[in-house]
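Trainee: Could you have a look at this structure, given as structure tokens, before my questions?
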Amino acid sequence: MTLLIRPEPFARDVDRLFDRLFDAQAAAQRWVPAMDLTEADDHYLLKADLPGMSEEDVSIEVDHGVLTLSGERHAEHERSEKGWHRIERSFGQFQRQLTLPDGVDPDGVTAQFQNGVLAVRIPKPEQVKPRRIAIGGASGNDQRVMEGTAEEK
């Protein structure tokens, strides 16, 4: 007696769907690292979790008042044609941007990378301070003081 086993009607379609889905995810995978931004009296502190990365994998740029943090975390596994793997850790390229307050000196921005955490210190801009301006009278001897704010450049 011959036993015929009938394949599931959609088994091949499901296999093809999963193959296309995982190939598309691998090609377009985007990773977004977690970041914290805190404020101190004289600076802001941006911390980004970048596990498994080194300083060479990360780029920090300041251009026109925008700080850009970018890089790439590479996959640590190889694609296998047979069998399957469970991959939950994200990888790929990332880019995060932060608009800086007006007046931040880009040359004052510093960064440290330790134990997979990038810390970027952004100095606060000098605050506009009120200043007194002397007003001279018509004779040049009589001066009154006017209070106000002025932005020094």
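Yes/no matrix, rows are residues, columns are (1) of a type outside the set (Asp, Glu); (2) at pLDDT below 90:
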position: Leu3; (1), (2): yes, yes
position: Ala28; (1), (2): yes, yes
position: Glu39; (1), (2): no, no
position: His43; (1), (2): yes, no
position: Leu46; (1), (2): yes, no
position: Asp49; (1), (2): no, no
position: Glu56; (1), (2): no, no
position: Leu69; (1), (2): yes, no
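Trainee: A further question on this structure: For a quick check of your reading: which strands (runs of 3 or more DSSP E) sit entirely within the stretch 85-153 and have at least 2 residues that are at pLDDT 90 or above? Walk me through how you get there before you give the answer.
Mentor: On the way: elements: 92-99, 110-114, 117-123, 130-136, 143-149.
Fully inside the stretch 85-153 and qualifying: 92-99, 110-114, 117-123.
The values are calculated or read from the model by the stated rules, or taken from the named source; none is laboratory data. In this text the structure is predicted, and so the values were computed from the model without any measurement.
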